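Shown next, in structure tokens, is the structure this report addresses.
The values are calculated or read from the model by the stated rules, or taken from the named source; none is laboratory data. Because the structure is predicted, anything quoted here is derived from the model rather than measured. Positions of Cβ are generated from backbone atoms using ideal geometry, with glycine treated the same way; all protein chains shown enter the neighbour counts. These area figures cover heavy atoms from the full protein model, side chains too; ligands, DNA and RNA do not enter into them. Shrake-Rupley method; radii C 1.70, N 1.55, O 1.52, S 1.80 Å.
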Amino acid sequence: SAVTISGTPGITGDFQLGTNTCTNGAVIAATSGSCTVNVIFTPTATGSRSGTLTISASPDANSPHSITLNGTGIAPDVTIGAAPTGTFLVGQPGTYTITVTNSGGSATTGTTTVTDTLPPGLTFNSNTNTGAWSCVAAGQTVTCTSSTAIASNGGTSSFNLIVNVADGAAGTPSNSVGVTTAGDSGTTGKTATAPTTVNFPV
């Protein structure tokens, strides 16, 4: 007469009914008859999640029947690092290598975004990569995005960001980068700085 799912405590989105043949009013033949219930697990948070599948039938003296549902929610956890290639020279392009690492239990999904705030004297030139990353600039802020999944448990994705180096960059400017991705479970390592040495050419 009914097939329902409840969460513990009050979790409603983790376990959902999929396509099933055990619908309200379905008749199951005696002896070897059967019907199927599909449960879809889509965790709404990380860690242990639980719920209960309840099946009510009549005439059945033992009804309702309950099945405990358990699952573990996992999520990506991305961190970022950036490093200049050697010493930058005024009037010549400089290159930063930016690396995103996923130490979480699942691959990234959707779009991963890197935001690079360039110090004075450096302006965006281009990015070189294998096609995974695309960058656009608005003033000193460069936004780079990728929809290619980054594998779990230490997977990485890197690209080179090329900048123009002007007189005003001479010295030791520091480049700041940050990263976000959908469903990220981490709270640390989302930003990094890349100290840079800029000299005048001899």
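Descriptive notes on the structure:
- Interchain or long-range residues, amide H under 5 Å from Val39's placed H: Gly18
- Å² per residue, accessible surface of the chain at 1.4 Å: 52 Å²
- Contact order, relative form, for region 99-144: 39 percent (alpha carbon pairs under 8 Å, 6 or more residues apart, mean separation divided by residue count).
- Spatial offset of region 1-67 relative to region 123-202 amounts to 48 Å, using the alpha carbon center of each.
- Normalised contact order of region 1-145, rounded percent, pairs of Cα under 8 Å and 6 or more residues apart: 16 percent
- For region 36-45, 3J(HN,Hα) per residue [Karplus equation, 6.51 cos²θ - 1.76 cosθ + 1.60, θ = phi - 60°, Hz, x = Gly/Pro]: 10, 10, 9, 10, 9, 9, 10, x, 9, 7
- Peptide ranges 96-106, 161-171 listed from the most packed, as the mean C-beta count within 10 angstrom indicates: 96-106, 161-171
- Accessible area of region 1-157 belonging to carbon and sulfur atoms, whole % at 1.4 Å probe: 52 percent
- Look at the alpha carbon pairs under 8 Å that are at least 6 residues apart: their mean separation over the length of region 107-199 gives a relative contact order of 37 percent.
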